[in-house]
1. Test of understanding: among A:Thr220, A:Thr181, A:Thr215, A:Thr120, which residue is within 16 Å of ligand 1 (Cβ to nearest atom) and touching a residue at least 24 places away in the same chain (Cβ under 8 Å)?
2. Six or more apart or on different chains, Cβ under 6 Å: which pairs go from a residue in region A:140-167 that's within 7 Å of chain B (Cβ to nearest Cβ) to one that's open to solvent by 60 Å² or more (accessible area, probe 1.4 Å) and assigned to a helix (DSSP H, G or I)? Could you list them?
3. Given the residues A:Ala226, A:Ala276, which is the only one that is touching a residue at least 60 places away in the same chain (Cβ under 8 Å), open to solvent by less than 10 Å² (accessible area, probe 1.4 Å) and of a type in the set (Gly, Ala, Ser)?
4. Can you tell me which of (1) at negative phi; (2) away from ligand 1 (no atom under 15 Å from the Cβ) is the one A:Thr67 doesn't meet?
5. If I ask for residues that are modelled with pLDDT of 90 or more and within 19 Å of A:Leu38 (Cα to Cα), which ones from region A:1-17 would you list?
6. If I ask for residues that are open to solvent by 30 Å² or more (accessible area, probe 1.4 Å), closer than 18 Å to B:Val211 by Cβ and touching a residue at least 60 places away in the same chain (Cβ under 8 Å), which ones from region B:70-111 would you list?
7. Pick from B:Thr20, B:Thr34: which is of a type outside the set (A, V, I, L, M, F, W, C), part of a helix (DSSP H, G or I) and under 27 Å from the mean Cα position of the chain (by Cα)?
8. What are the pairs, 6+ residues apart or on separate chains, where a residue within region A:59-73 that is of a type in the set (Gly, Ala, Ser) has its Cβ under 7 Å from a residue that is near ligand 2 (Cβ under 9 Å from one of its atoms)?
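The values are calculated or read from the model by the stated rules, or taken from the named source; none is laboratory data. All values derive from a computational prediction rather than experimental measurement. Cβ placement follows ideal geometry from the backbone for every residue including glycine, while neighbour counts extend to all protein chains displayed. Surface areas here come from the heavy atoms of the whole protein model, side chains and all, with no ligands, DNA or RNA. Shrake-Rupley method; radii C 1.70, N 1.55, O 1.52, S 1.80 Å.
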Amino acid sequence: MPLLAAEHLYKIFGRRPQRGVEALRNGATRAELRAEGLTPAVIDASFEVSPGEIFVVMGLSGSGKSTLIRMINGLHPATAGEVVIEDENLSALKGEALRRVRREKISMVFQHFALLPHRTVGENAAYGLKVQGMSRSDREARADRALEMVGLKGWGESLPGELSGGMQQRVGLARALAAETDILLMDEAFSALDPLIRREMQDQLVDLQQRLDKTIVFITHDLNEAMRLGDRIAMMRDGRIEQIGTAEQILNDPSSNYVAQFVQDVDRAKVLTAGAVMERPEYVIGAEQGPQQAHKLIREHQLDALPVVRRDRTPVGVVLPGEIAAAVRDGRTDLPLTERSASTVTLDTPLADLLADAARRTSPLLVVDDQGRLAGLIPQVTLLTALSNHPAEEVSR
Amino acid sequence: MSTAEESMLPRVRVGDWIDTAFDWIDDNLNILLTLFRDVMTFVVEGLVDLLMSPPPLVMVALFALVAWLVSSWRLALGTALGFALLISMDIWLPSMQTLALVIVATIVAVALAVPLGVLAARNDAVSAVVRPVLDFMQTMPGFVYLIPAVTFFSIGLVPGIFATIIFALPPGVRLTELGIRQVDAETVEAGQAFGASPWQILRGIQMPLAVPTIMAGVNQVIMLALSMAVIAGFTGADGLGKLVVESIARLNTPLGVEAGIGVVILAIFLDRVTSALGNPGRHAGSLLARLRARRTAAGGPQPTTTSEPASGSSSPSTTETSVRAGT
Ligand SMILES: Nc1ncnc2c1ncn2[C@@H]1O[C@H](COP(=O)(O)OP(=O)(O)O)[C@@H](O)[C@H]1O
Ligand SMILES: [Mg+2]
C-alpha cells in the first residue's frame with residue numbers, strides 16, 4: 001500500500017482557478033489559460049509513493065515541481081484532485097487538522113535552508129519539536145541526536161550564519177529528522193550547494209534513508225542527481241508528469257521525445273546497473289555435467305556462451321563454443337570452464353564499475369542476485385550497446 | 001462671489017463636515033477624551049518628575065551610559081557634552097519636558113502602529129485601506145493636527161501629545177508592514193511546513209526577522225515626535241517648543257537659538273541610540289556587545305567535527321543570507 005498518493009492533482013494560480021481545471025480537462029492548452037490570466041502550475045498529476053521509497057520529481061525550472069511538493073503538505077491547497085497520506089485525505093483538512101498532519105507525518109527541507117538566523121543551530125534543529133510543544137530538555141536531546149546523525153555534533157551553540165552552506169543544509173536536514181516524521185519532502189535541497197558537497201550530501205541522504213527507513217519525495221532539476229537518488233523518477237514538463245519510472249526505464253524506454261532528449265546526455269555508465277542491461281540466461285548447465293551435453297546445448301541453440309551453475313544456481317563459470325568443441329575432440333570428461341574463478345557482479349553494480357573487468361575477459365560477465373544465484377549475463381556487445389546513447393532496440397535494428 | 005461659484009462648481013464644505021464630526025466626538029466620546037487626558041497628564045508629568053529627581057549631572061551620566069551600552073564610547077562622550085550644554089544653557093527642565101513628551105508619545109504611537117502594521121501585512125484588504133490613510137496623515141501639515149487637539153483637549157500638554165501621536169504614527173505602521181512582508185517567504189514556509197500556527201509564525205519568525213525594519217520605523221516615529229513636540233509648544237505644552245514659541249513672540253533670538261540647539265541635541269541622541277538598538281550587530285564597540293562576546297567566549301563547547309573544509313565557512317553564507325533578504 002502506498003504511504004502517499006496524489007490523485008489527479010491540479011494547481012492553478014489566478015482568480016477563480018476552478019474554471020481553468022474545467023478548461024484543461026476539455027483540452028485547453030496552457031497558453032490559452034495564460035491568456036485568461038491563469039497560471040496552471042500542476043496539471044493532472046497522479047503518483048504513488050511506497051514506504052521507504054525515494055521518489056524523485058525531476059524537471060526544468062518552472063515546470064511546477066515546487067508547487068507539486070507544496071501540495072503534498074498543503075502549503076498550496078490543490079485546485080482539484082486529492083493528496084492521500086496513509087488513509088487521510090489531506091485536501092479535506094484545514095487549520096489545526098492540517099497542522100497536526102504537518103507536525104506528525106511530513107517534514108520538509110528547503111532549497112535555501114530557511115533557517116532562523118537569530119536562533120542557534122540547536123534551536124533550529126529543535127524547531128519542529130518546539131512547535132509540537134515538547135519540553136525544552138526533551139527537544140534538546142532529540143535535536144542533538146539529529147545533529148549527530150547529520151555530522152554536526154557539537155555545533156548546537158553556533159548560529160547558522162557561522163556555518164557554510166553545506167553545513168546549514170545539514171541543519172535543515174536535522175530539523176526535518178528531529179521531527180521524526182515518516183515522510184520527508186526535499187525541494188531542491190542540494191541545488192544551492194557546491195558539486196562536491198552536493199555529492200557528499202546525496203550519499204549521506206541515501207545512507208540516512210536506509211538507516212531510518214524514511215519515505216522521501218525529492219525535487220531536483222539535475223538529472224544525474226535524480227538518477228543517483230531516485231528509486232523512481234517522475235519527469236515533469238510544463239506542469240504535467242510525462243513519465244514515472246526507474247532510472248533504467250526512463251533511460252532505456254523514454255515515453256516521449258522530450259524525455260529522450262532530456263536523458264541523452266546522462267552519464268549512462270554511472271546510472272545504468274548490471275541488472276538493468278543483463279540478459280536472462282535461457283540455458284544453463286549443471287557443474288556435474290560433461291562436455292557432450294554442453295556441446296549439444298550450444299549447437300542446438302546457437303549459444304555464444306553457456307553459464308555453468310551448481311544445484312543452488314550459484315554460478316561456477318562459463319563455457320564457450322570453441323573450448324567445448326576442443327574438449328569434445330580431446331575426449332575430456334570435465335567442462336572446460338573459461339571463468340574458473342567465476343568472479344561475478346551484483347545486480348546493482350553500475351556499468352562504470354564493470355568496464356575494466358569486461359575489457360579483460362573474453363566471456364560474458366555473470367550477474368548474481370543478493371543470494372548469490374545466477375540472475376543474468378552481460379556479453380560485451382550488450383554492455384557497449386547499453387552505453388551508447390540509443391535505446392537498445394534501435395541499435396540492433 | 002467665491003471661486004467655486006465662479007467655476008459653477010458647488011462649494012464642498014469638507015472643513016465643516018470634519019468640524020461637525022469633531023463636535024460629535026467631543027460630545028459623545030467625552031469619557032474617552034477625559035480618560036486620555038488624565039492618563040497622559042499623569043504619565044508625562046510623572047516621567048518629568050522622574051527625570052528631574054536626580055541632580056542633572058547624574059542624569060547626564062546616565063544618558064551617556066545608555067549611549068555607551070547600545071552604541072559606542074564616542075556617542076557616550078558626545079552625549080555627555082551635549083547634555084551638559086543643556087544644563088549650561090539653562091534649558092534642562094524644558095529639555096526633560098520635551099524628552100518626556102517624546103518618549104510617551106512614541107510609546108503610544110508604537111503601541112498603536114505595530115499591531116496595525118501587522119494586520120496590514122497579513123491582510124491585503126486592511127493594507128489597501130490603511131495605506132492611503134497613512135499617506136493622508138503624513139502629508140497633512142503638522143499644525144493642522146493641533147486644531148482638533150485643541151478642540152478636544154483645550155490647551156496645554158495633552159493636545160500637544162495627541163497631535164504628536166497622530167503625526168508620528170505613519171512610519172511605524174508602514175515599516176512594520178514592510179518588515180513583516182519582506183521576511184523571506186521560504187522561512188515562513190518552513191514554519192508552516194512544521195505545523196506552526198499563524199501566531200507561532202508571527203511571534204517566532206516574522207516579528208524577530210522584521211525587528212531591524214520595525215526599529216527603523218520606531219526611529220522615524222521618534223524623529224517625527226520630536227519635531228511635532230516642538231510644534232506642540234503652540235498649544236502651550238511645556239518644553240523646548242514653548243521656548244521657541246515665546247522667542248518668536250518676543251523676537252528673542254538668543255532664547256530661540258538655545259532652544260533650537262536643545263532640540264538638535266535631543267534629536268541626535270535619540271536617533272543614534274534607537275538606530276543602534278535596531279542593528280546591534282553593527283556596534284561591536286558597545287558595552288552590550290562586549291558583554292555578550294565575553295559570555296559566549298566563556299561558555300559552550302567548541303565544535304568537534306565537520307566533514308567539510310573549514311575554509312570559506314562563514315563568508316559565503318553571510319552573503320547568501322543578505323542576498324536572500326533582498327528578494
Ligand atoms: N504563488 C504563485 N503565484 C502565481 N504563480 C506561481 C506561484 N508559484 C508558482 N507559480 C508559477 O507556477 C509555475 C511553476 O512554478 P514552480 O512550481 O515554482 O516551478 P519549479 O519549482 O519547477 O521551478 C511557474 O510558472 C510559476 O511562475
Ligand atoms: Mg522550485
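1. Just a single option satisfies the conditions, and that option is A:Thr220.
2. A:Gly161/B:Thr318
3. A:Ala226
4. (2)
5. A:His8, A:Leu9, A:Tyr10, A:Lys11, A:Ile12, A:Phe13, listed by residue number.
6. Of everything in region B:70-111, just one residue is open to solvent by 30 Å² or more (accessible area, probe 1.4 Å), closer than 18 Å to B:Val211 by Cβ and touching a residue at least 60 places away in the same chain (Cβ under 8 Å), namely B:Val110.
7. Sole residue among the options that is of a type outside the set (A, V, I, L, M, F, W, C), part of a helix (DSSP H, G or I) and under 27 Å from the mean Cα position of the chain (by Cα): B:Thr34.
8. Filtered contacts from region A:59-73: A:Gly59/A:Lys65; A:Gly59/A:His221; A:Ser61/A:His221; A:Ser66/A:Asp187; A:Ser66/A:Ile219.
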